[in-house]
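Read through the structure below, which is laid out as structure tokens, and then see the notes.
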Amino acid sequence: MAPPRDGPNLGAMRERRLSGIPGFAIDRVAAEAGADPDVLRLENLDTDLAPPAAAIEATRRAIGHDDDNSYLPFTGRDRLRAAVAARARTQTSIDYDSADVVITCGGTEGILDALFALTVPGDEVVVADPTYAGMIYRPRLVGAVPRFVPFVIDGGEWRLDLDALSAAVGPKTRVIFLMNPSIPSGAMLNAAEWNAVATLCRERDVWLLYNAAMERIVFDRRPVVHPATLPGMTERTVTIGSVSKEYRMIGWRLGWVYGPSSVIADVALAHIYNTATATGIAQAGAVAALDESETEFAECVSIGEQRRDVMTRELAQYETVPAAGGWSQLLDVGALGFDSMTASKLLLEKGRVAATPMRDWGDVNGDRFVRFVFSNEPVERLRGLGDRTLQALGAAGR
């Protein structure tokens, strides 16, 4: 039998919708690493930190329960929407209600739904450079155009280039799309940067789409700022959240979107025709997770900070900026004369380190970096990273 051929006009469809959208390199690196126990697994945002025990038990109890084996309600179980709204009220002191929340199949589905609600084809979406590739290419999927604003290194930290931000927000800009702490760099915006973002949103009539998937995974006692609390931003901010990172529940694929009722109705419409509903048993687990004690959560953040510190010490001879929060940070392989693809290949082959190349994750801050994730390897294993990197890439300043 002859192999299947492309259907009619497939090439034209790709030109319209998928042209210029690359695949992830993460799964390729993971496949090449295989199951070798000697490989240091730093390529993917998995974690060995356990989900809340109550969430696991609630998920188990939901199996076979009729109400948790239903499509309805399409926008999420009432109890979970109420729990997300209560969490948002606690964080912001803004009077969010259940009606202001849509439950989604992970935060990433929420991103796509929100972009469908906030943009039309041809609109521009401002993103940081570097940023999570899913925040670059989902705007393209909805027909919008990403515009990059670089992070720059200042005083040993990543800082957003505010002059470049002001220049990037033009007449076609519809959304500023930011994550804090940011993937992959671990950068955190400070008060001056958030105020600059808020000023631009107000003065130029722009939405802020805030990816808050890691907003409480913060190191060095840094303050957490929710941008919806800034003057004039409650009605301009749409927030994306999930249980994947803060609650370590990656496999549940459960997220949410909340914001002004004027736009949440359209987010709900996009969600319904995108996935119809989030998984029922996952929603049961998420309700329990949102009751996790602050002590348990703080212990997980402390473990992450310890791992960040060990990784930073191991890479002391190289150019790397310690993550201010999140689960990953970057190594500047461009300073060693490598592009990210070559460095990733050498790290795996010679150092037995699986690391993600950052090509396609930014413009000026893309291909010169690889990402090291510290959420899935214990301190004892991370202590060998410096020697492994030296074996693979050589010494700095060689």
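Considering the conditions (1) surrounded by fewer than 23 Cβ atoms within 10 Å (Cβ to Cβ); (2) polar (S, T, N, Q); (3) touching a strand residue (DSSP E or B) at 6+ places or on another chain (Cβ under 8 Å), THR342 is excluded by exactly one of them, (3). Only one of the numbered conditions (1) modelled with pLDDT of 95 or more; (2) out of contact with any Cys (no Cβ under 8 Å at 6 or more places or on another chain); (3) part of a loop (DSSP other than H, G, I, E, B) is violated by VAL224, and that is (1). Which number in (1) touching a Ser or Thr at 6+ places or on another chain (Cβ under 9 Å); (2) under 30 Å from GLY351 (Cα atoms); (3) aliphatic (A, V, I, L, M) marks the one condition that VAL102 misses? The single condition VAL102 does not satisfy is (2).
Highlighted here are the helices (runs of 4 or more DSSP H) found entirely within region 23-136 that include at least 3 residues which are in the same structural domain as CYS201 (by TED's automatic domain parsing): 53-62, 78-92, 106-118.
For MET188, are the conditions met, namely being in contact with a strand residue (DSSP E or B) (Cβ under 6 Å, 6 or more places away or on another chain) and not in a strand (DSSP E or B)? Yes: the conditions hold for MET188. Within region 320-375, restricting attention to residues that are assigned to a loop (DSSP other than H, G, I, E, B), farther than 17 Å from ALA128 by Cβ and of a type in the set (D, E, K, R), the residue that is nearest to the chain's Cα centre (by Cα) is ASP339.
Could you please let me know if GLN391 is more than 29 Å from MET249 (Cα to Cα), assigned to a helix (DSSP H, G or I) and polar (S, T, N, Q)? Yes, satisfied.
Summed over region 245-304, residues that are hydroxyl-bearing (Ser, Thr, Tyr) and either in a loop (DSSP other than H, G, I, E, B) or within 18 Å of SER70 (Cα to Cα) (or both) total 6. With ARG371, ARG381 as the choices, which residue is charged (D, E, K, R), within 28 Å of SER242 (Cβ to Cβ) and surrounded by fewer than 19 Cβ atoms within 10 Å (Cβ to Cβ)? Being charged (D, E, K, R), within 28 Å of SER242 (Cβ to Cβ) and surrounded by fewer than 19 Cβ atoms within 10 Å (Cβ to Cβ) holds for just one of ARG371, ARG381, which is ARG381. A single member of GLU57, GLU109 is surrounded by 14 or more Cβ atoms within 10 Å (Cβ to Cβ) and either farther than 24 Å from GLY362 by Cα or of a type in the set (Asp, Glu) (or both), and it is GLU109.
The values are calculated or read from the model by the stated rules, or taken from the named source; none is laboratory data. Everything quoted here is computed from the prediction, not taken from an experiment. Backbone-built Cβ (ideal geometry, glycine too); neighbour counts: all protein chains shown.
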